[in-house]
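Heads up, the thing below is written out as structure tokens.
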Amino acid sequence: MAGQEQQQPQSRDTEVDEDVPAAPPAPAEGQASAATQGVDDLLDEIDGVLESNAEEFVRAFVQKGGQ
Amino acid sequence: MTAGVPGGLPAGGAMRVMGSETEYGIHAPSAPGANATMMSARVIQAYAQVTRQRAAGGAETRWDYTDEEPLHDARGWTLERSRAEPEQLTDQPPVLDAEAVALAYGRQELEADGEDESGTLLMNMVLGNGARLYVDHAHPEYSSPEVTNPRDAVAWDAAGDLVALAAVRRLAADPDLPPINLYKNNTDNKSVSYGSHENYLMPRSVPFGDIVRGLTPFFVTRQVICGAGRVGMKQDGSRPGYQISQRADFFETEVGLETTIRRPIINTRDEPHATADKYRRLHVIIGDANLSQASNYLKFGSTAMVLSLIEAGLAPKIEVHEPVAALQAVSHDTTLTATLRLLDGRRITALDLQWIYFEAAAKHAQDTGVADAVDGDGHTHGVLERWSATLTQLGSDRAAAASSVEWLAKLSLLDGYRERDGLDWGHARLGLVDLQWADIRPEKGLYYRLLARDRMQRLVDDAAIQRAVTEPPSDTRAFFRGRCVSRFGADVVGASWDSVIFDVPGRGRLQRVPTREPLRGTEALTGGLFARHREAGPFLSELLGLPPGS
């Protein structure tokens, strides 16, 4: 939030006019390959972190009731 | 901030006395079938050992149950004890019998470390940061100290995750005990849910019916900004899919006293833990536990602002048709395009409904002056800015929202796996990603892996969260409670939200110091007292206006 403190929070209508970049909701082609690379790196890292035997681990996670 | 001034906080915006409660999921992979209450007690015990190392004399204190009133209903009556579910009787200390204790602890360890003077196992601690750490049925629970604003709510809630982590590390280092994992989530996907609650202080003069009418549409849709995301549909997760909220499928009624069965959107438990004719404590049970700081901040900030609207009589006049079904429909629609039917016949999306609340809250805050970026209360402006930015992104730039909105961050990771490995929603690996998202160990927890790569936003820096593990907030009575525990731990025999009880050597009887005003006992009011006294006796004498040595 730092650096934006002088900006007034916008109501919906003005926000749409001023703040939303014209970019389409999905990443453009050029950005997409960089983004995909980032996701691949992330998934590689997480592969090494995930508990082995997913099915058994998830099945064994049984909780007693709570609030 | 001048929040320590008794008489109140700036009204109209996001400042309010508030706090969080987190029940952690608990699991010992190498000891399947281990008793959950025993394991939870081990967690509390482990943290007691950590604090004992940190503070000579012990930084742990027993909880005082005399002001717990779990059966008081905000609608104006009290449930008979005989009609209450056992889980509702939270005013009785949990009891562990000798056999159970022997199963959980080696006898030697128990004698060395596990018992307090009266011979009971420590199930309940008051921490130096003003929080409570205890065994709640079958889960370890951290209840944060009272804070005055959403940013501090995030900091002291995240501090609870570090408390839990310290206990997990301690247990992992003990070769005689199985390692225990803790998860900041809300369901095991096998029909059990456990809560993450919020508490907000309100004037008692606000009619409870106004709270119900004003909050219900907001709570039906609030999950789009702060849901934690869940793999699995229905209470037992038997239908494959992904939904916005961990909790939505576990809610069955609109208003009620229960928190463990027939869960209500609006909970009526009425234990103010404060001067009862002035305040009510609104106990919110519908939220998901959040690791995302931005989601947690918006959860507390937006809700506090909606309560300000309700207090001013300015809540949007909206009624959602069949709120419980609508809550679940919103959770099951990750496209955010489904419409809710209002009683006036309109059909609007969850985002539309959030915008209506946002605009009412923003107008009220601007009218009262608290929203000003420079001369406001220092918090409301930030909440409004983030609230509007998040709603805008959810409508038009979901990729941007994935660094702040927890359910979208998790979904984005899951979609990565689905695409790379061609997995459908029923695949166990996706269930594991969901579970391990919430592992509180930074090296194992997937939220923390994303945070380390700056894929999740930080609102509070790590040093501030670390400080909040040992330091109480300065601007509520939690300051007094926490300082009493860390300074005079050996002479404090009990504490609760609204009292601290001393047993000072040489004095004939226990001395109970009531703390029934949440905005007293602040650093501004009691810091000097703590600075002047290193010993409990003279400290109490000055505090209570007694002659020295009495």
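Brief remarks follow.
- GluC sites (Glu not before Pro) within segment B:340-428: DSSP coil, no more than 14 neighbouring Cβ in 10 Å: none
- Residue ranking by accessible heavy-atom surface, 1.4 Å probe, largest first, among B:Arg151, B:Arg213, B:Arg483, B:Arg386 comes out as B:Arg213, B:Arg151, B:Arg483, B:Arg386.
- Counting heavy atoms of the protein chains alone, B:Val433 has an accessible area of about 0 Å² for a 1.4 Å probe.
- Per-residue Karplus couplings for segment B:435-449, computed as 6.51 cos²θ - 1.76 cosθ + 1.60 with θ equal to phi - 60°, are listed in order as 5, 6, 3, 9, 4, 7, 7, x, 7, 10, x, 6, 4, 5, 5 Hz, Gly and Pro entered as x.
- Part-to-part distance (alpha-carbon centres) for segment B:440-482 and segment B:11-27, which is given in Å: 14 Å
- The trypsin sites (Lys or Arg not before Pro) found in segment B:508-550 that occupy coil by DSSP, while having at most 13 further C-beta atoms within 10 Å, are B:Arg509, B:Arg534.
- Exposure ranking of B:Asp434, B:Asp352 by accessible area [1.4 Å probe, largest first]: B:Asp352, B:Asp434
- FRET efficiency, B:Asp454 to B:Leu342 (Cβ-Cβ, R0 41 Å, nearest 0.05): 0.50
- Under a model in which nothing but the beta-carbon of Lys, Arg (+1) and Asp, Glu (-1) is charged, segment B:421-550 shows a dipole of about 380 debye around its Cα centre.
- Segment B:Asp462..B:Leu529, full-extension length gain: 21.1 nm, with 0.36 nm per residue of separation and the alpha-carbon distance subtracted.
- Charge-dipole axis of segment B:143-250 as Lys and Arg at +1 and Asp and Glu at -1 on Cβ define it, positive-most pick from B:Thr148, B:Leu165, B:Tyr242: B:Tyr242
- Stretch gain in nm, segment B:Ser238-B:Arg420, where the contour uses 0.36 nm per residue and the Cα spacing is subtracted: 63.1 nm
- Rounded, prolate or oblate (a/c below 1.5 giving rounded, otherwise prolate when a/b exceeds b/c) for segment B:322-443 by Cα gyration tensor: oblate
- Per the Cα gyration tensor, segment B:152-243 maps to an equivalent ellipsoid with semi-axes of 32, 22, 11 Å, ordered largest to smallest.
- Dipole magnitude of chain B, debye to nearest 20 (Cβ charges: Lys/Arg +1, Asp/Glu -1, about Cα centre): 680 debye
- Here segment B:199-244 is assigned +1 on the Cβ of each Lys and Arg and -1 on the Cβ of each Asp and Glu. Its dipole about the Cα centre then comes out at about 60 debye.
- With R₀ set to 51 Å, the beta-carbon distance separating B:Asp174 from A:Asp41 gives a calculated FRET efficiency near 0.90.
- Cα lying deepest toward the dipole's positive end in chain B, options B:Pro472, B:Ala452, B:Tyr200, charges on Cβ: B:Ala452
- Inter-part distance where segment B:363-426 and segment B:487-550 are each reduced to a Cα centre, Å: 43 Å
- These residues, B:Asp174, B:Asp270, go from largest to smallest accessible area, 1.4 Å probe, as B:Asp174, B:Asp270.
- Length gained on full extension, B:Ile261 to B:Leu314: 15.8 nm, using 0.36 nm per residue less the C-alpha separation.
- Alpha carbon convex hull of segment B:348-418, volume per residue in cubic angstrom: 89 Å³
- Cross-link pairs beyond the 23 Å C-alpha cut-off, checked among B:Lys317/B:Lys410; B:Lys184/B:Lys410; B:Lys363/B:Lys410; B:Lys278/B:Lys299; B:Lys190/B:Lys410; B:Lys278/B:Lys363: B:Lys317/B:Lys410; B:Lys363/B:Lys410; B:Lys278/B:Lys299; B:Lys278/B:Lys363
- Tail weight of P(r) past 45 Å, computed on alpha-carbon pairs of chain B, percent: 12 percent
The values are calculated or read from the model by the stated rules, or taken from the named source; none is laboratory data. Fair warning: this is a prediction, and the values are worked out from it, not measured in the lab. FYI the Cβ positions are ideal-geometry reconstructions off the backbone, even for glycines, and counts take in every protein chain you see. Side chains included, ligands, DNA and RNA excluded: accessible areas come from the protein's heavy atoms. Shrake-Rupley method; radii C 1.70, N 1.55, O 1.52, S 1.80 Å.
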